[in-house]
1. One residue is enough: does the stretch 102-125 have a residue meeting the conditions assigned to a helix (DSSP H, G or I), surrounded by 15 or more Cβ atoms within 10 Å (Cβ to Cβ) and modelled with pLDDT under 90?
2. Going by the structure shown, is I136 in contact with a Leu (Cβ under 7 Å, 6 or more places away or on another chain) and touching a residue at least 12 places away in the same chain (Cβ under 8 Å)?
3. Just checking, does the stretch 18-25 include any residue being touching a residue at least 12 places away in the same chain (Cβ under 8 Å), assigned to a loop (DSSP other than H, G, I, E, B) and among the basic types (K, R)?
4. Based on what the data block shows, is A45 assigned to a loop (DSSP other than H, G, I, E, B) and at pLDDT below 75?
5. Inside the stretch 130-153, can you point out the residues that are in a loop (DSSP other than H, G, I, E, B), at pLDDT 90 or above and in contact with a strand residue (DSSP E or B) (Cβ under 8 Å, 6 or more places away or on another chain)?
6. Would you confirm whether or not the stretch 45-63 contains a residue that is in contact with a Ser or Thr (Cβ under 6 Å, 6 or more places away or on another chain), among the β-branched types (V, I, T) and without any contact (Cβ under 8 Å) to a residue 40 or more places away in the chain?
7. Test of understanding: among G124, G175, which residue is out of contact with any Cys (no Cβ under 6 Å at 6 or more places or on another chain) and under 18 Å from A93 (Cα atoms)?
8. Only one of (1) modelled with pLDDT under 90; (2) hydroxyl-bearing (S, T, Y); (3) farther than 15 Å from F176 by Cα fails for Y77. Which number is that?
Amino acid sequence: MRFLKTLTLNRRSIYDPRAAVDVNNTFTVATTTDMILPKSNSSLAAVQVEGMIRYNTTTYEIEVFSGNPASWRTLRYKEATGIDRETYVGDNATQVYGPLAPQPPTTVENGKTWTGDNLIVIVGNVFQTWSDNYFIKTGVQLGAPYDTGPNAAKFYIQFTSTTPGLLTPIVILHGFDQ
């Protein structure tokens, strides 16, 4: 009969339950002490493999290398995030409003691209639907005067028709995907 021993990380002790790799190749931390994650900055040059975890010393966030395509993604905590509210006034002439502030992320859950479905838009008291009533475009896609300067890459909301006049409120709620 062959003796199977748990591989410990402490070579000076026969049995050390603090951290070990068992016969099933499972890494176990068996004490109530804390574990320090590997640390690096945003410009990590080493080979990156899906499933890596690190503490980013530039952004001060815990990140996992995952997704399709794989990239460093910040872990989300349980605390609530704020919902942003932007209010504009319709003037019967304007179709473009923004830029959205703060700017939404370019990717959301599981590496999917952020779209206008991540907004709640109300004109007057009428709920607006993305791709029927409005589109999300960058300043470059909108052209002049939005395509120059720092706002060129930012997201704007463009309605499919002019917004109603008579000081009709336009409310944009976002941040649900943060």
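The values are calculated or read from the model by the stated rules, or taken from the named source; none is laboratory data. Not measured: the values here are computed from a predicted model. No Cβ is skipped: glycine too gets one built from the backbone with ideal geometry, and neighbour counts run over all protein chains shown.
1. yes
2. It is false that I136 is in contact with a Leu (Cβ under 7 Å, 6 or more places away or on another chain) and touching a residue at least 12 places away in the same chain (Cβ under 8 Å).
3. Yes, some residue in the stretch 18-25 is touching a residue at least 12 places away in the same chain (Cβ under 8 Å), assigned to a loop (DSSP other than H, G, I, E, B) and among the basic types (K, R).
4. yes
5. N133
6. Yes, that holds for at least one residue.
7. After ruling out the rest, the residue left standing is G124.
8. (3)
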